[in-house]
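S.K.: Structure below; questions to follow.
The values are calculated or read from the model by the stated rules, or taken from the named source; none is laboratory data. Nothing here was measured: the structure is a model prediction, and the numbers come from that model. A quick note on method: Cβ atoms are made from the backbone with ideal geometry, for glycine too, and the neighbour counts reach across all protein chains shown. Heads up: the accessible areas ignore ligands, DNA and RNA and are worked out on the full protein's heavy atoms, side chains in. Shrake-Rupley method; radii C 1.70, N 1.55, O 1.52, S 1.80 Å.
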Amino acid sequence: MNRRDFIKQSGCAAMGTTTLLSTLTNLTTFNGALGADIAKSAPPSDYKALVCILLAGGIDSYNTLVPMGNTPGGDNGYNEYSALRTDLAIDRNQLLALNNPQCSSFRGIPCQYGAFGVHPTMTGMRDLFNTGKVAFMANIGTLVEPIMNKTEYQSGLKKLPLGIYSHSDQIMQWQTSVPQSRDALGVGGRLADLLHASNTYQEISMNFSLSGKNAFQRGQTITEYSISNNIDPNNVGFQALPSWWSNSGYLTQVRDNAIDSLVSKTYANLLQKTYSTATKNSTAAFDIFKQALTKVPSMSTAFGTDELSRNMQAIAKVISVREFLGTKRQIFFVTYGGWDMHSNLLTGMNQRVPVVSQALKSFYDATVELGIADKVTTFTISDFARTVTSNGQGSDHAWGGNTIVMGGSVNGGKIYGSYPKMDVATYNRNISFRGNFIPAVSTDEFYAELALWYGVSPNDLCYVLPNLGNFYSYAANQYPVGFMNFNGTAISNEDLPPNCLSY
Amino acid sequence: MKPKITLCLFTLFGLSLNTFAQQTVKFGMGNTKNVTVTASSQDNTGIRTLIENGYLPNHNQASRFLSQATLGPNMALIQNVTSQGREKWLDEQLNLPVSFNLTNYLGTIHQSIVDSLNRNPANNYTKTTVGLDNWHFDVTWFQGAMTAPDVLRWRVALALSEIFVVSRISDFNPYPYALTSYYDVLMRNAFGNYRTLLNDISYHPTMGSYLTFLNNHATSTTKQIFPDENYAREVMQLFSIGLYQLNIDGTEVKDANNKPIPTYDNNDIAGLAKVFTGLSWGDSRYLGDTYKNYLSYTLPMKFYGKDSLEFYRNYSRPRVYDAHEPGTKTFLGQTIPARDVMQGNQDIQDAINILSNHPNVGPFISRRLIQRLVMSNPSPEYIARVATVFNDNGSGVRGDLKAVIKAILLDPDACGCPTNTTAQNTSGMLREPFVRYMNVMRGLTLTTQSGVYRNIMYRLYDKVGQVPLFSPSVFNFFQPDYAPEGELKAMGKVAPEFQILNSQTLTGYINALNEWFINDDPTDWWGYFSGERYKADQDPRFNLTADYTLTRNDKLPQLLDKYNLLFAHGSLSSQSLKIIKDAISSMPYSEDANGVPDSTSANRRVRLALVLILSSPDYLINR
């Protein structure tokens, strides 16, 4: 016997197969809802969708929503803003004024100013704000529990988010709303865990991503189904073998069957098993999605040609075939990055902010065209806001900032939360000489309001938002923030498993 | 003291003099010393399995080793390692000089484009007036990766590019010299010292631009301007020490409440941010100067203690500002003394020393390199062995990457197989999509008549979302601690590459296989200038004719064995091989009276066999 042949197998594949270790059910890691059916509730009778737009990198949202008052001794917001932002300040006469934005207070924290405008390129958002379809959240961010001022922040007695100012932590925490953990499921994933059972086809996830894998849509039983913005049935699934191969139809079948057999084997190695499950789940979803896409109607709403607009248009198209996907609840996720503007901030914002404003406006118009504007709520999130002070070319990482929420069911035309005072010396929510603000509104309160609207019962909010009890407990007609219009929305009273999560 | 490197020795089969029965003697893995091996036979035609460098691997083991040490083995390399052993091959590779300078090659392409355009006498172009695009970097990269003999260096440099990340998704889009010059730094330092590597990237304008400390300025309280904190944060979080204090084995140090202990806070960041002030372009005239031309990205950044920007802008009464932050700088519990700002370059040197001497660096960088080259979940013992070599290569040198690479690739955990079930079931790593591509391009010895490959890899990126220096952020394509939901995560294990596996990229990969093999189109040739004649001799195709005789049903096992060895080092299970064999057997096949297979059907059989092997989880998880 040749000695070289003694050791046949160099890798670890032949080291013996063992029975599965795990007592977990075959949790699906991709696309799937093939695991244990957590929710057994009756399907909701209506359709609702949430659309999360992640502005990755940390948008300088103190240049998207800007105080405009210039009355020394009165509402002097713009002058305080420009004194602090120096070379980053936008000229007051370029800002687009908002009609009576009604910024009041939140948790007893007063809004510091009365008059506001938006970035000069945000015409779409200005128009939708003034017609009541867009609202802004002021000074919102990641919190484990309320922190009322700098003294509390420094006391060591309050639980703080991990890695404040760190991209990787904050971008994740905005998606999980569990800032004390680096290992939490996403808000959209947990929502889907509760509600996916109402959808007809469990082979295809209710969570669609235009930006691949993400923390937001990751639940216990559900993660994202990742699609491209090329909404074309021929672009779904494995390409057929070419027609110039004789009997290509048959051979395509041979290939697909063989791939299916390879990924249907039992693998003891969990990486192999995870890959196999991913493949199986993806292929199971292809057929449904491919069929549905043949039904996309032609729509007249015009979209831009930039990446975000194309992604938003793709979302509108997927929503348009919701019946064919058998879905009553969907959550969409899209990333639009490039906001980490430590330098070149003014130019960078002038390039990117209009893209967001126009893409959102087009998307809203498309939902109007589809007759479901009040069924779709769209919102922006980002890693964090940026320092109000300049580094000479841009701004650095900070904490609480401003976001957009848009839709026919939004109580728009208002600024919710508490816009901070543009004063690093005296404002008691500022914690750094650079101008970094303790958030007034937590991501939990924001998401809780969306969750109630979306059909989660008050009893189940603690599964979606494990820290919510630190901020809010439900009482009839008392909503976490107040930005959603609940008129005609019945608050669900179903008590679904699973139980509350805690971290 | 000699470096103590645990060699990758396997179970050795010997013959007992007494019984002539086969015996198993394990040595090496437990550092057995002074082993004497005596031949049991006088026959001198036996096959040598031990040489002075250690045990000779078989073909499969050689292939597995090369799947970790290169961008993909080919048959010649497998033969080479099989006959001379891993360690000798590694030493040879570690001593090869950098054979391919990306910036020079890019310059050659650039010049040839200028020359071609100037053939029209009406034109008078220069390299300054002819701009290039990012894909010229991709062409350059592919040319080097396909032709350079220092294949280990190419593998390690790719790993470094995913740890010390810069990306074209940035301000230096589209400046391919920014990419080639930075990649040259990684190539040059791949077998160098960690401290030099950290130094060189910290002075590189591509990094300076990417993490925005190029033209970073001292604090100006009157103007309310502060040093940019970007690099200070990421150099600690990602390039050196990480978020938490680590033990030598990579586990986190815990406090009295069993909580991990952060390595730094925001004050450390603000302190370090002051250090990285006063750096501008290498060809600048003052701090705040702008990009000049394509060469600007190829020169290390220049230090300015004072800012003379206003002078150059012809202010009538220019004021001179500090460019470099004056005063002491405190971070990580150490204080850099106050110096004249003109001596500020020494502050940067001190900071790089503080960072590179931090006890976290060894376990932090070792774990990342192991994850890029060998496996997702290295054991604490494996990390400790490598980190120990990082801390001291045996000759008192810290950060010797040659020794670190050797320790990683020759470690028993890299070459052996775990014996406990948990480790078996979580062993290996998902091959990165881009590495899979290179496995195929190198494995099948894709050759061109011209010796030139013009491959912009555009469709590859479109389908699988990965080519070098194209990550979405400084956090790479995937993060080291990413765990897919499910059993792996429940066990506390990670699988970073799964972060970019989704229904799109998964389909994209299968469809890419379709293009490479079924459509016979493995690379993307683009014209360099409008009207350029298509050059087929730079646009390679696979030549698989040698395999045709292996496509008859009874020969298929040989065909599959060959590619099982090449791509999966024999790890395709008999079940998987049967599935593939059954599929291929069901395809049309015919041969002539002399037994020569019909070339069309033979060709298709080979191609589909390759697609299926490369689609199998046995291949995709490298273990």
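S.K.: Please determine, by comparing only the residues of segment B:84-119 that are part of a loop (DSSP other than H, G, I, E, B) and open to solvent by less than 30 Å² (accessible area, probe 1.4 Å), which one is nearest to B:G527 (Cα to Cα).
M.R.: Within segment B:84-119, the subset part of a loop (DSSP other than H, G, I, E, B) is B:85, B:95-101, B:118-119.
Filter again for open to solvent by less than 30 Å² (accessible area, probe 1.4 Å), leaving B:85, B:100.
Values: B:G85: 43, B:F100: 23 Å.
Among those residues, the one meeting the criterion is B:F100.
S.K.: Based on what the data block shows, is B:A122 hydrophobic (A, V, I, L, M, F, W, C) and surrounded by fewer than 18 Cβ atoms within 10 Å (Cβ to Cβ)?
M.R.: yes
S.K.: Which one of these is open to solvent by less than 40 Å² (accessible area, probe 1.4 Å), out of contact with any strand residue (DSSP E or B) (no Cβ under 6 Å at 6 or more places or on another chain) and facing chain B (nearest Cβ under 7 Å): A:T252, A:T223?
M.R.: On the way: A:T252 fails: facing chain B (nearest Cβ under 7 Å).
So the residue among A:T252, A:T223 that is open to solvent by less than 40 Å² (accessible area, probe 1.4 Å), out of contact with any strand residue (DSSP E or B) (no Cβ under 6 Å at 6 or more places or on another chain) and facing chain B (nearest Cβ under 7 Å) is A:T223.
S.K.: Of everything in segment B:568-623, what is of a type in the set (D, E, K, R) and facing another protein chain (nearest Cβ under 7 Å)? Give them in sequence order.
M.R.: Here is the first cut: in segment B:568-623, the ones of a type in the set (D, E, K, R) are B:578, B:581-582, B:591-592, B:598, B:604-605, B:607, B:618, B:623.
Correct list: B:R604, B:D618, B:R623.
S.K.: Is it true that B:G428 is out of contact with any Leu (no Cβ under 7 Å at 6 or more places or on another chain), over 30 Å from B:P262 (Cβ atoms) and of a type in the set (G, A, S)? Step through it out loud before you land on a result.
M.R.: Details: out of contact with any Leu (no Cβ under 7 Å at 6 or more places or on another chain): no; over 30 Å from B:P262 (Cβ atoms): yes; of a type in the set (G, A, S): yes.
Against the criterion (out of contact with any Leu (no Cβ under 7 Å at 6 or more places or on another chain), over 30 Å from B:P262 (Cβ atoms) and of a type in the set (G, A, S)), B:G428 does not qualify.
S.K.: Restricting to segment B:560-601, name every residue that is under 26 Å from B:Y437 (Cβ atoms) and in a loop (DSSP other than H, G, I, E, B).
M.R.: Result: B:H569, B:G570, B:S571, B:L572, B:S573, B:M587.
S.K.: Spot the failing condition for A:R322; the list is (1) in a helix (DSSP H, G or I); (2) of a type in the set (K, R); (3) surrounded by 16 or more Cβ atoms within 10 Å (Cβ to Cβ), and only one is missed.
M.R.: (1)
S.K.: Limited to segment A:106-116, what total is found for residues that are surrounded by 14 or more Cβ atoms within 10 Å (Cβ to Cβ) and in a strand (DSSP E or B)?
M.R.: Total satisfying the criteria: 3.
S.K.: Within 30 Å of B:A270 (Cα to Cα), at the interface with another protein chain (Cβ under 9 Å from one of its Cβ atoms) and part of a loop (DSSP other than H, G, I, E, B), is that true of A:R182?
M.R.: Taking the combined requirement at face value, the residue satisfies it.
Here's the yes/no breakdown for (1) open to solvent by less than 10 Å² (accessible area, probe 1.4 Å); (2) touching a strand residue (DSSP E or B) at 6+ places or on another chain (Cβ under 9 Å); (3) β-branched (V, I, T):
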| residue | (1), (2), (3) |
| --- | --- |
| B:V166 | yes, no, yes |
| B:D171 | no, no, no |
| B:Y175 | no, no, no |
| B:L179 | yes, no, no |
| B:D184 | no, no, no |
| B:G192 | no, yes, no |
| B:G208 | yes, yes, no |
| B:L214 | no, yes, no |
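S.K.: Hey, does segment B:235-257 have a residue that's at positive phi and either among the aliphatic types (A, V, I, L, M) or in contact with a Leu (Cβ under 7 Å, 6 or more places away or on another chain) (or both)?
M.R.: No, because not a single residue in segment B:235-257 is at positive phi and either among the aliphatic types (A, V, I, L, M) or in contact with a Leu (Cβ under 7 Å, 6 or more places away or on another chain) (or both).
S.K.: Checking A:M422 against (1) buried (at least 24 other Cβ atoms within 10 Å of the Cβ); (2) out of contact with any helix residue (DSSP H, G or I) (no Cβ under 8 Å at 6 or more places or on another chain); (3) part of a loop (DSSP other than H, G, I, E, B), only one condition comes out false. Which one?
M.R.: With (1) buried (at least 24 other Cβ atoms within 10 Å of the Cβ); (2) out of contact with any helix residue (DSSP H, G or I) (no Cβ under 8 Å at 6 or more places or on another chain); (3) part of a loop (DSSP other than H, G, I, E, B) applied to A:M422, the lone miss is (2).
S.K.: Would it be correct to say that A:N411 is more than 14 Å from chain B (Cβ to nearest Cβ), open to solvent by 10 Å² or more (accessible area, probe 1.4 Å) and in contact with a Gly (Cβ under 9 Å, 6 or more places away or on another chain)?
M.R.: Yes; evaluated as a whole, the condition is true for this residue.
S.K.: Could you pull out the residue among B:D249, B:D255 that is more than 22 Å from B:L179 (Cβ to Cβ), touching an Asp or Glu at 6+ places or on another chain (Cβ under 8 Å) and either of a type in the set (G, A, S) or at pLDDT 95 or above (or both)?
M.R.: B:D249
S.K.: Take the residues in segment B:382-431 that are of a type in the set (V, I, T) and within 14 Å of chain A (Cβ to nearest Cβ); name whichever of them is nearest to B:V156 (Cα to Cα).
M.R.: The selected residue is B:T426.
S.K.: Would you confirm, using the coordinates I've provided, whether A:G348 is within 11 Å of chain B (Cβ to nearest Cβ), more than 30 Å from B:S616 (Cα to Cα) and not in a loop (DSSP other than H, G, I, E, B)?
M.R.: Yes.
S.K.: May I pose another question? Before we move on, is B:V185 more than 14 Å from chain A (Cβ to nearest Cβ), part of a helix (DSSP H, G or I) and β-branched (V, I, T)? Quick ask: steps written out before the conclusion?
M.R.: Working: more than 14 Å from chain A (Cβ to nearest Cβ): yes; part of a helix (DSSP H, G or I): yes; β-branched (V, I, T): yes.
Judged against the criteria, B:V185 is a match.
S.K.: Given A:I319, A:I288, which one is in contact (Cβ under 8 Å) with a residue 40 or more places away in the chain and touching a strand residue (DSSP E or B) at 6+ places or on another chain (Cβ under 9 Å)? Lay out the reasoning, then the answer.
M.R.: On the way: A:I288 fails: touching a strand residue (DSSP E or B) at 6+ places or on another chain (Cβ under 9 Å).
When all the criteria are applied, what remains is A:I319.
S.K.: Moving on to the next point. Filter segment B:419-437 down to the residues that are part of a loop (DSSP other than H, G, I, E, B) and modelled with pLDDT of 95 or more and list them by number.
M.R.: B:T426, B:S427, B:G428, B:R431, B:E432
S.K.: If the requirement is being of a type in the set (G, A, S), in contact with a strand residue (DSSP E or B) (Cβ under 7 Å, 6 or more places away or on another chain) and crowded, with 21+ Cβ neighbours inside 10 Å, which of these qualifies: A:G455, A:G482?
M.R.: Matching residue, one of A:G455, A:G482: A:G455.
Let's see how each residue does on (1) of a type in the set (A, V, I, L, M); (2) at the interface with chain A (Cβ under 7 Å from one of its Cβ atoms); (3) in a helix (DSSP H, G or I); (4) in contact (Cβ under 8 Å) with a residue 24 or more places away in the chain:
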site: B:V474; (1), (2), (3), (4): yes, no, no, yes
site: B:F477; (1), (2), (3), (4): no, no, no, yes
site: B:Y482; (1), (2), (3), (4): no, no, no, no
site: B:K489; (1), (2), (3), (4): no, no, yes, no
site: B:G492; (1), (2), (3), (4): no, no, no, no
site: B:Q499; (1), (2), (3), (4): no, yes, yes, no
site: B:L506; (1), (2), (3), (4): yes, yes, yes, no
site: B:I510; (1), (2), (3), (4): yes, yes, yes, yes
site: B:E515; (1), (2), (3), (4): no, no, yes, yes
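S.K.: Only one of (1) outside any helix (DSSP H, G or I); (2) open to solvent by 60 Å² or more (accessible area, probe 1.4 Å); (3) more than 24 Å from A:S211 (Cβ to Cβ) fails for A:W245. Which number is that?
M.R.: The one condition A:W245 does not meet is (2).
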